[in-house]
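Any read-out appearing in this document is the output of simple, stated calculations on the displayed coordinates, not a laboratory observation. It should be emphasised that the depicted structure is a prediction, and the values quoted were computed from it without experimental measurement. Quick reminder, even Gly has a Cβ in these numbers, built from the backbone with ideal geometry, and neighbours come from all protein chains shown.
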Amino acid sequence: MIMALGMVAAILGFFIALYIYRKQESKKPLMCPRRAPCETVLNSPEAKMLGISNSILGMVYYAIMLFLLVCLQMGGESGIAEIVLFVIALVGFGFSGYLVWVQHSKIKQWCAWCLGSALMATALLVVAVLLL
């Protein structure tokens with residue numbers, strides 16, 4: 001059951017990041033809930049890390065997490081795989097936390113899609129902890 005929750009969180013997170021990426025690439029505005037200022041956040045300098053869009057980093061992160069969860073589901077527990085999953089989940093959670101802090105402290109605007117992604121990263125960390 002815990003693995004399934006992790007897989008759902010990874011899939012949802014991937015599709016959130018993909019949605020943001022496709023909108024950014026097409027230069028079309030996002031449909032943001034409650035008229036949240038998503039564009040302000042996504043057009044800020046902090047929307048990229050080392051020149052790479054955070055949405056691309058998110059897609060890679062969620063794809064890796066899904067791959068690891070599927071491998072664990074198929075191969076059973078090994079100890080090392082759970083630790084790798086936890087470390088990557090911790091890094092993803094930390095980066096998401098940093099981006100939430102940036103929205104609050106630097107940009108002073110909130111992106112609902114970005115917060116949804118942060119929620120998925122949090123869920124993945126909880127799953128990784130429970131699998132240890």
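Karplus-based coupling profile of the stretch 116-129, in residue order and whole Hz: x, 5, 4, 5, 5, 5, 5, 4, 5, 5, 4, 4, 4, 5, with θ = phi - 60° in 6.51 cos²θ - 1.76 cosθ + 1.60 and x standing for Gly or Pro. The separation of the stretch 93-115 from the stretch 47-77, counted between C-alpha centres, amounts to 19 Å. In the frame of its principal axes, the stretch 31-74 has Cα extents of 42, 29, 10 Å, reported largest first. Placing +1 on the Cβ of every Lys and Arg and -1 on the Cβ of every Asp and Glu, with no other charges, gives the chain a dipole of roughly 680 debye about its Cα centre. Projecting the Cα positions of F15, P29, P45 onto the charge dipole of the stretch 1-46 (unit charges on Cβ atoms of Lys, Arg, Asp and Glu, taken about the Cα centre) puts P29 furthest along the positive direction.
Lacking any other cysteine beta-carbon closer than 4.7 Å, the following Cys residues of the chain have no compatible partner: C71.
Applying 1/(1 + (r/R0)^6) with R0 = 22 Å to the Cβ-Cβ distance of I11 and S78 gives a FRET efficiency near 0.45. Phi-derived couplings, Karplus 6.51 cos²θ - 1.76 cosθ + 1.60 at θ = phi - 60°, listed residue by residue for the stretch 48-58: 10, 10, 6, x, 9, 4, 4, 5, 5, 4, x Hz, with x used for Gly and Pro. Per the Debye calculation on the chain with a single equal scatterer at every Cα and no solvent contribution, log₁₀ I(q)/I(0) for q = 0.22 Å⁻¹ amounts to -1.24. Binning the alpha carbon pair distances of the stretch 55-115 at 5 angstrom intervals from zero yields the distribution 4, 17, 22, 19, 14, 11, 8, 4, 2, expressed in whole percent. Amide H contacts for M49 (H built 1.01 Å from N in the peptide plane; partners 5 or more residues away or on another chain; cut-off under 5 Å): N54. Residue by residue, the stretch 96-110 carries 3J(HN,Hα) couplings of 4, x, 4, 5, 5, 4, 4, 4, 6, 8, 9, 7, 6, 9, 10 Hz when phi is fed to the Karplus relation 6.51 cos²θ - 1.76 cosθ + 1.60 (θ = phi - 60°); x denotes Gly or Pro.
Here the label points at M3 and S44, each 7 Å from Cα along the C-beta direction, are separated by 3.8 nm in the simple model.
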